[in-house]
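Please read the structure below before turning to the comments.
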Amino acid sequence: MNISQQRAGTRPRARGTERSLARRAELIAIGRRLFADTSYDALSMDDIARQAHVAKGLIYYYFGSKRGYYLAIIQDSVAGLVAFAASGLDLPPVDRVHRTIDGYLRYAEHNQAAYRTIVSGGVGFDAEVHAIRDEVREAIVTTIAEGAYGRGDVGPLARTGLLSWVCGVEGATLDWIGCPRLPRETMRDLLVRTLGGTLRAIEEMDPSCPAPEPARRGEHFLK
């Protein structure tokens, strides 16, 4: 087989792969809309196929099962959140933290069912959902540490302190999306201020991790 024949032979497969990836991405986008505020148990595969206007077998073909489909949707949406938290390197550190917290709340607000699943751990003890949740937590902790200390690699005390703040944010956010009594901007500023308290507590116990000066004075250290 000559080079032209080889290329001719590979092109259909390449096009097929591109079509498959595009179709899979389309199904995930549809699923994100369906599960945005509807729980996993509330939608059957028949419901999903009917609302997505596709054959049920197509979902099985790409994702294997309803759970596989749901996990793919969660992973895709969370990947965007994690990438958002890790981006903005050109911003001043404190602005990056502020942006990350606001983006986190926006994600929870617009992906309520997925957010509840991630934070609660899924149906029963779901190791894969727990792994997704841990990935998000680590991304947020790293971003906050970089904004507060100029580095993401911090000692165990600072990491545990920041992680405890993140876990508190999860609980507060669950309450907020369940009964939004506060505007998102107010919720964001509240979380930022409680972060200042956490940073001061970390400094008291570990002077090698000094809080930003405004936080040390008890001021709102972010814009």
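Every read-out reported here was derived from the displayed coordinates using simple, explicitly stated rules and does not represent laboratory data. Since this is a predicted model, take the numbers as computed values, not measurements. Heads up, the Cβs are rebuilt from the backbone with ideal geometry, glycines too, and the neighbour counts pull from every protein chain shown.
Observations, loosely collected:
- In this calculation the C-beta distance from A29 to A172 is compared with R0 = 41 Å, giving a FRET efficiency of 0.90.
- Charge dipole of region 3-216 about the Cα centre (unit charges at C-beta), most positive-ward option of P93, G155, S65: S65
- Of the chymotrypsin sites (Phe, Trp or Tyr not before Pro) found in region 61-141, those in coil by DSSP whose Cβ has at most 15 other Cβ atoms within 10 Å are F125.
- Start at zero, step by 10 Å, and the Cα-Cα distances of region 90-157 spread as 20, 41, 31, 8, 0 percent across the bins.
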